[in-house]
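One structure is given here, and the rest of the page talks about it.
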Amino acid sequence: MSRLERNANITAAILPFVGFIAAVVLLWNEAVSWRDLAIFGGMYFVTALGVTVGYHRLFTHRAFDAPRPVRYLFAVLGSMAVQGPLIDWVADHRKHHAFTDTEGDPHSPHHDHGEGFKGAMEGLWYAHMGWLFVTQGTAEKRRFAADLLEDRGMRKISRNFPWLVLLGLAIPFALGYGLSGSLAGGLTALLWGGFVRIFLVHHVTWSVNSVCHFFGRRRFDTDDFSTNVLWLSVVSLGESWHHNHHAFPRSAFHGLRWWEIDLSGLIILGMRKVGLARNVVLVSRERQLERAAGAPPARRGELVSGRS
């Protein structure tokens, strides 16, 4: 990773945090307006979907296909989540699946972090944020994302990532300014729909890398330490059923039981209903039962609660 890339990642991690702190300070004596909350909620939902449905399930795992305009829209929405250019993200994540929790995994909390409590904490930090300053964006794109490199539109979207980040900040400002008619309204909307939203989407996504490889429950026979984490399922739009995902990476649905809430999976099924998604990959009950014979013991067994 170059110094420029490392500094850009540091900035992308720190600025939303500063915005979050500023929002907390402003809330100390005055509640946030419903307008700002609505803009925050809308921006959170669409940009998080850009990552969960777009970057992850559509582009990385090809869990479904979609018409070209829909694919480009999800690529743009995912870029506005500020988690890196599309092709970099996909290459890193495919490498994660190729080397999960072993040498070569870009963000495993288990490999090469030592033993005991100190090693566990170092591993969690590395998987959550530390890897952003070491291995993020370094996966070999020709090896792990050749299909996207061959798509001229996707290459263009990846190259224009910085402008799409700015677009993701300009939209909430414009909405706030337009709805309030004041510069102050635009700035508070930018704070909540821009920086606070990015901060929360970041840490929810990073928690899938860290928490969902350390704490939680398992029921499938996999060769890694992925887990399902119920309390993250709503805010992660279904991504925290991460053990299910590692058992069936191409499944468009990560929540495999009726009570496993997966908003991203429901969105994909809704898209299929109206013709915006096709070739949706779903996992039969029989296939699930075949893999549920027994989950392997986790390396740090005291921190993983067992089978579900």
Among Thr188, Thr102, Thr11, which one shows the highest mean-square fluctuation when the chain is modelled as a Gaussian network with alpha-carbon springs under 10 Å?
Thr11
Quick one: what are the phi-derived ³J(HN,Hα) couplings along region 65-77, Karplus 6.51/-1.76/1.60 with θ = phi - 60°, whole Hz, x for glycine and proline?
10, 8, x, 3, x, 5, 4, 5, 4, 5, 5, 5, 4
Would you look at the GNM of the chain, springs on alpha carbons closer than 10 Å, and say which of Trp231, Trp206, Trp259 moves the most?
Trp259
Per-residue HN-Hα couplings for region 267-280, Karplus 6.51 cos²θ - 1.76 cosθ + 1.60 at θ = phi - 60°, whole Hz, x for Gly and Pro?
4, 4, 5, x, 4, 4, 4, 9, x, 9, 9, 9, 6, 6
Using Cα positions and a limit of under 18 Å, work out the lysines in reach of Lys156, with same-chain residues fewer than 8 apart set aside.
Lys141
Most fluctuating of Phe74, Phe248, Phe117 in the GNM of the chain (C-alpha, under 10 Å) is Phe117
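Each value in this text was obtained by applying a stated rule to the coordinates, not by laboratory testing. Small disclaimer: the values here were computed from a predicted structure and weren't measured.
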